[in-house]
Amino acid sequence: MRRRGERGEARFLTFSCAEGRHFLATRIVQRAIVKTLDDLVAQGAFTLHAWVLMGNHVHLLLTPETQSVVLSLSILKMEAARAVIAPRDGSHQIWERGGGFDRLVWSDQACWNIFNYIHFNPVKAGLASTPLDWQWSSARDWQRRRRHTPPVQHPLWLP
C-alpha cells in the first residue's frame, strides 16, 4: 500500500494481525502498544485524536506532525511484534500483509463518524457494553483524563 498525504493531514488508519489472529489480546502487548503510542506523541511524531486496540486489529485517528505515517507505523508495529510471544504453530508473521487501511480525513463530519466508529468498535464486537467500559481505547480520555495513556487532542482541527 502506498501512503500519501503525510504531515499535517488527518488520517484514519487500521492495521490487522495476520489471518485475523488475536495476537494483541494480552496485557503485555496492549501495554507495549499504548507505551509506544505515548512515546510517539511525546516525540511529536503525530497528534493522536482517537485510538482503540482490539484483539486482532488497531484503529487510529491521527495527524502526522514531524515524521511520516509509514515511519510511525513501522515503529508501532515493531514494538508490538516484540511483545508478542511467537505463535505456537511456528508462524512468525504477526501483521497482515498489505499495509492495512489508510484514509485521508476530508471533513469534520467524516472525522466525527470515524471518531465514533473507533470508540464503538468494542461495543459492536460484544467486548463492552459502552465505549467507556473498554480499557484499551481513548473513549475514557474524552470523558475524564486518565494517566498512563497517550494524550489525545480534540479532533475539530480541520478547516
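Key figures for this structure:
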{"item": "Modelled FRET efficiency - R0 35 Å, Leu71 with Gln109, Cβ distances, 0.05 increments", "result": "0.75"}
{"item": "Counted charge near Ile28, where neighbours are those whose Cβ lies closer than 15 Å (Asp, Glu -1; Lys, Arg +1)", "result": "+3"}
{"item": "Prolate/oblate/rounded call for the range 11-143, Cα gyration tensor, a/c under 1.5 rounded", "result": "oblate"}
{"item": "Residue order, fewest to most beta carbons within 10 Å, for Arg27, Arg21, Arg103", "result": "Arg27, Arg103, Arg21"}
{"item": "Positive dipole terminus of the range 11-143, leading residue within Ala42, Pro131, Ala18 (C-beta point charges)", "result": "Ala18"}
{"item": "Summed side-chain charge close to Pro122 - residues other than Pro122 whose Cβ falls under 13 Å, Lys, Arg +1, Asp, Glu -1", "result": "+1"}
{"item": "Local electrostatic count, Glu79, Cβ distance below 10 Å [Lys/Arg +1, Asp/Glu -1]", "result": "+2"}
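No value in this document is a laboratory result; all are computed from the given coordinates. Worth saying up front: this structure is predicted, and the values here are computed from it rather than measured. Here Cβ is always computed from backbone atoms with ideal geometry, including for glycine, and neighbour counts include all displayed protein chains.
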